[in-house]
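Okay, structure first, notes after.
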Amino acid sequence: MEALNRIIEKQNISESVVRMVLEVPAVARKRKAGQFIILKLDEKGERIPLTIVDSDAEKGTITIIFQIVGKTTAALGALKPGDSLQDVQGPLGNPTEIENFGHVVCVGGGVGVGVVYPLAVALKKAGNRVTSIIGSRTKELIILEDEMSKVSDRLIVATDDGSYGFHGFVSAVLQKLIDDGEKIDHVYAIGPVPMMKVISNVTRPYGIKTTVSLNSIMVDATGMCGACRVSVGGETKFTCVDGPEFDGHKVDFDLLSSRLKMYCDVEKQAYELHRCGCDGN
């Protein structure tokens, strides 16, 4: 019997970021921009959510991009083409509401560029003028520059250290576009929580609709466990079933940030044990 959830391709696209193509026909047929999967490496493995970057319904494949930051992503990054994952559940979450807004700015920070890419593809296909801003700490960490360039009318690259492109944060690039009089109808911002918070603060005074994709902690991805709860407009929402995209002007980013830090010490310890081979796996 042919193995399920098989890894077809693997590519290291930066020092700690990996692109993988998985053979998951059922997910590939149904996936839409903005949706994600929950995967599990083995029987005792952690369930982690990852956005679907691309899909090919005919080949039955989906593409994911992830950053190696902990035990599970390190173990996933160590797998090779031909290996299989125990579970791949999806597509999950609500698809992005795609329409012709006019001029759309897609902002991606770090590995968040992998999440914003399928949105840029869909928005461009819907007839929007797409300006994309992507950034990272250094030039070496920039991902998907060529891919983003192909689906954008204009691409601006920024690095925190000035080693490539604009010297500064992606939020400063967006502010400059606004200051230069660019008419912007909608902003999509995906990346680290601090980045999405700053982008939302930049657009708020101008009334520019801003959509963010949240990366809250998830367990069952059905809305039952409550682990992924976030506060949006003063109401409790569950990222897995109500999101993952929300109005950035209504998200309580401080609460989200504090919840994401809940297990940092445990995650760090598990990662270190895994790296030294002391975790039994």
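Within the range 57-84, restricting attention to residues that are in a strand (DSSP E or B) and in contact with a helix residue (DSSP H, G or I) (Cβ under 6 Å, 6 or more places away or on another chain), the residue that is farthest from ARG154 (Cα to Cα) is THR61. Of all residues in the range 38-56, how many are β-branched (Val, Ile, Thr) and either closer than 20 Å to LEU260 by Cβ or not in a strand (DSSP E or B) (or both)? Total meeting the criteria: 3.
Contact map, the range 173-201: first residue free of Cβ contacts under 8 Å to residues at least 12 places away in the same chain, second residue in a helix (DSSP H, G or I) and open to solvent by less than 10 Å² (accessible area, probe 1.4 Å), Cβ cut-off under 6 Å, separation 6 or more or different chains; the map is empty.
Touching a helix residue (DSSP H, G or I) at 6+ places or on another chain (Cβ under 7 Å) and open to solvent by less than 70 Å² (accessible area, probe 1.4 Å): does that describe GLY248?
The answer is yes for GLY248.
Checking SER216, SER258, SER163 one by one, the residue that is outside any loop (DSSP other than H, G, I, E, B) and polar (S, T, N, Q) is SER258 and no other.
Scanning the range 85-138 for residues that are within 24 Å of THR72 (Cα to Cα), over 15 Å from the mean Cα position of the chain (by Cα) and either open to solvent by less than 10 Å² (accessible area, probe 1.4 Å) or acidic (Asp, Glu) (or both) gives LEU85, ASP87. Summed over the range 85-108, residues that are modelled with pLDDT of 95 or more and either in contact with a Pro (Cβ under 9 Å, 6 or more places away or on another chain) or part of a strand (DSSP E or B) (or both) total 6. For the range 193-215, the count of residues that are touching a Pro at 6+ places or on another chain (Cβ under 7 Å) and within 22 Å of GLU97 (Cβ to Cβ) is at least one.
The values are calculated or read from the model by the stated rules, or taken from the named source; none is laboratory data. Because the structure is predicted, anything quoted here is derived from the model rather than measured. No Cβ is skipped: glycine too gets one built from the backbone with ideal geometry, and neighbour counts run over all protein chains shown. For accessibility, only protein heavy atoms count, side chains too; no ligands or nucleic acids. Shrake-Rupley method; radii C 1.70, N 1.55, O 1.52, S 1.80 Å.
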